[in-house]
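To start, the structure itself, in structure tokens.
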Amino acid sequence: MQDLSGAARRLEENVRRVIVGKDEEVRLALVVLFAGGHLLVEDVPGVGKTMLARSLARSISARYKRIQFTPDLLPSDITGVSIFDQRTLEFRFREGPVFTEILLADEINRATPRTQAALLECMEERQVTIEGETRPVPPLFFVIATQNPIETTGTYPLPEAQLDRFLARISLGYPTVEEEVSILEAQRLAHPIAGLTEVIGVADVIAIQGAVRRIHVDRDVLAYIAAIVAETRRDEHCLLGASPRGSIAALRASQALALLEGEGAATPSHVRRVLAAVLRHRLILKPQARLSGIAPDAIVASAMKRVDVPYD
């Protein structure tokens, strides 16, 4: 287990060479990867969303593809299509970009709901069914989807049921002045990603994902997760709280964080550190709460305060 924890930390340190000043966000992204989930990054252009995906792919020598979502993108542009081969007089399947290991779904909210659903089906089922034939995606299949929060023209926001498929949602945010100076210095001659090399392999990541499931979680910690999620369903500002899928996501993320930090068991401390990222996109707020500027993170924080901590 310690060998896998060390490999996980080497990957984290390597990615941080490119993503400057966003240590917590990088750690959360790796937590999602190791937990076997998918990540939604909502932020303004130019803060490093694409670079995060590329840095991860380079650090593990994974196959990487990027899809630029646009209103005219079709489901077959994502999953693939069967084409007729004139030489063999047979249909031949041409794989779409989902048959990769790390996939960047850029500006996912610019595609139509039908196209969004094609990708989200692959995320949930880990397979593609076309013309009655099912084809599995690779064993390591990690989607980083991005969306721009300030652009509304020509966008189709993800429905709540589809948002629920993402294990976590994060925002990178702008760097501080000091961090931006460091970024400028690092890129004065060349981009840092050009010198990024593999530190662990795809097989190591798959092994880490398997080890995450074996991280011990006390029943008291499970009850702690369930109680907090239940509190979001009773919150006066919520139309709908988090679903049981949110509880499972909190469990997996807590286990992944524990492994990343070299711990053999997930604790309430691990749970508290991942809950906001795991639950914020799963809460449906009442209209008056949104108009009052109440944020989902505040609801999650309030729910945690109302639940007794079993131990630390």
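Residue check: V221 meets all listed conditions (1) farther than 29 Å from A289 by Cβ; (2) at pLDDT below 95; (3) not assigned by TED's automatic domain parsing to the domain that holds V137 but one, namely (2). Elements of the type helices (runs of 4 or more DSSP H) sitting completely within segment 1-95 and holding at least 1 residues that are at pLDDT 95 or above, β-branched (V, I, T) and within 22 Å of N148 (Cβ to Cβ): these cover 23-34.
H216 meets each of the listed conditions (1) modelled with pLDDT under 95; (2) over 27 Å from V143 (Cβ atoms) apart from (1). When A161, A145, A118 are checked against the criterion of being out of contact with any helix residue (DSSP H, G or I) (no Cβ under 7 Å at 6 or more places or on another chain) and either crowded, with 16+ Cβ neighbours inside 10 Å or within 20 Å of I284 (Cα to Cα) (or both), A161 stands alone in meeting it.
Please verify whether segment 123-141 includes one or more residues that are basic (K, R) and surrounded by 13 or more Cβ atoms within 10 Å (Cβ to Cβ). Checked segment 123-141: at least one residue is basic (K, R) and surrounded by 13 or more Cβ atoms within 10 Å (Cβ to Cβ).
The values are calculated or read from the model by the stated rules, or taken from the named source; none is laboratory data. Because the structure is a prediction, the values reported are computed rather than measured. Positions of Cβ are backbone-derived with ideal geometry, glycine not excepted, and every protein chain shown enters the neighbour counts.
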